[in-house]
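Beneath this line is the structure, given in structure tokens, with notes to follow.
What follows is calculated from the coordinates using simple rules that are stated; it is not laboratory data. Computed from a prediction, not measured in an experiment: that's the story for all the values here. We place every Cβ from the backbone using ideal geometry, glycine too, and count neighbours over all the protein chains shown.
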Amino acid sequence: MIGCSQDAPLNSSVRICTVKYCLPDRTVGSTAGELILLAVLDASGLKLYTRTSARRQVSEFDSAYIDELLQDLTERARTHPIDVFQQLSSLSSGPIITDATDWIELLDSAE
């Protein structure tokens, strides 16, 4: 996990984006892969969460690239959260690709 907070108010919306890692030996154009990153954008900013178990699936060839990319995303998310979220929402080539984006409504369960 790179960042975590419970700052989003109830009865608000958050945007989420999931990103997959595709092994280099996959068929060209394949979208099969391991979920590696969850990005959550809300009024308080952008939080990035990584799956430790999925990181073990990263090939030795891609490991340094993925580590550098995650570090860069984390640093840029602090100052440009919307830009980073938009970038993550449209990855379509290389070893990491966008899996899905969506809106989630945070509702008060007492209502």
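Based on C-alpha coordinates, I'd like the Rg and Dmax of the stretch 12-106, in Å.
Reported Rg and Dmax, both Å: 13.3, 41.
What is the sum of charges, Lys and Arg at +1 and Asp and Glu at -1, for the other residues whose Cβ falls under 10 Å from the Cβ of Leu46? Don't skip to the answer; put the middle values down first.
On the way: positive: Arg15, Lys47, Arg76, Arg78; negative: Asp42, Asp83.
Local charge sum for Leu46: +2.
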